[in-house]
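What follows is a set of notes on a single structure, which appears directly below.
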Amino acid sequence: MDGGISEISNVKAMTQTFSVWLPVISTLAGGVLAGGVAILVTKLNHRYAREREEKAAEEKKRYEQKITDDKNEKELLFIATELVFHLEWFADLCVKVATDTGYEDSSGITRFSVRPEVLSLTDISGDWRVLPRQLMYRIRELPVLQNSTDRAISIAEEHDYPPDYDDTFYARRYQYTRLGLKTIILARRVRKLVGLPLDTAPWSELPVLWQLWRQERKRRTQIHILSQRALAVYQIRNQMRGGAKDPASTGVSS
């Protein structure tokens with residue numbers, strides 16, 4: 001009996017103790033839960049804010065890139081238009097030089113009818129940096145190639161003879177045909193780069209230059225063949241003369 005009363009007393013004491021601590025436990029649990037929720041919300045807000053910032057930065061980057069691309073596209077079209085007309089003008093000049101047959105002066109000496117102008121790219125006001133590197137290099141190289149062309153013609157003229165100066169005129173035809181072809185091909189590449197129409201007329205620079213090139217290559221090939229034949233005949237004659245002078249071949253003993 002006394003044992004039952006003692007157990008009941010203990011249960012009451014535990015119940016009272018639990019009742020005392022229940023508000024504290026509830027407060028702590030609520031605080032932990034509220035703190036966890038606050039931390040989670042803070043992290044989510046931070047992630048969303050970072051995503052918004054990254055998205056805004058990407059949008060700004062795309063916008064700035066679009067502005068840059070539009071500017072480069074306009075600049076490319078501008079310098080391409082300048083280059084096309086400039087290069088085609090020079091290619092036409094190369095055709096005139098290559099087809100020049102000259103005229104006879106009062107002394108009967110053949111002179112040039114067409115004098116080549118110097119190709120200058122300093123008048124091109126566009127931004128060269130928007131061009132592809134290889135194309136830009138080939139175009140900027142043209143004035144150097146013209147110097148080499150004129151030097152080759154001058155060498156041919158130094159070893160040529162009046163009154164006709166045939167070798168000089170042939171050198172002009174060959175050198176300026178080659179230079180003109182390089183120039184007009186570059187002009188066509190610039191046209192294709194920006195979508196400008198190509199000049200396909202049969203009397204345009206490219207067909208005329210190709211025809212001159214084939215003619216000159218054929219002439220040079222024929223000259224090379226004749227030179228090789230003449231050299232072979234010369235060597236055979238020398239061998240025959242050397243054999244006739246050889247005592248062993250004539251039967252003369254020492």
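Summary of computed values
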| item | result |
| --- | --- |
| Lone unmet requirement of (1) without any contact (Cβ under 8 Å) to a residue 24 or more places away in the chain; (2) aromatic (Phe, Trp, Tyr); (3) under 23 Å from Glu117 (Cβ atoms) for Tyr176 | (1) |
| Answer residue from the stretch 74-88, given it is farther than 14 Å from Met136 by Cβ and under 16 Å from the mean Cα position of the chain (by Cα) and is surrounded by the fewest Cβ atoms within 10 Å (Cβ to Cβ) among those | Leu77 |
| Of all residues making up the stretch 113-154, the number that are touching a residue at least 24 places away in the same chain (Cβ under 8 Å) and not charged (D, E, K, R) | 18 |
| Positions within the stretch 124-179 being farther than 21 Å from Val190 by Cβ and among the small types (Gly, Ala, Ser), in sequence order | Ser148, Ala152, Ser154, Ala156, Ala171 |
| Of residues in the stretch 200-254 being assigned to a loop (DSSP other than H, G, I, E, B) and either within 20 Å of Phe169 (Cα to Cα) or of a type in the set (A, V, I, L, M) (or both), the one modelled with the highest pLDDT | Ala201 |
| Single residue of Ala156, Ala152 found to be touching a Lys or Arg at 6+ places or on another chain (Cβ under 9 Å) and either among the small types (Gly, Ala, Ser) or farther than 29 Å from Glu73 by Cα (or both) | Ala156 |
| Residues located in the stretch 159-182, provided they are part of a loop (DSSP other than H, G, I, E, B) and either under 29 Å from Leu87 (Cβ atoms) or of a type in the set (Ser, Thr, Tyr) (or both) | Tyr161, Tyr165 |
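The values are calculated or read from the model by the stated rules, or taken from the named source; none is laboratory data. As the structure is a computational prediction, the values presented were derived from the model and not from experiment. Glycine gets a Cβ as well: all are built from the backbone with ideal geometry, and neighbour counts include every protein chain shown.
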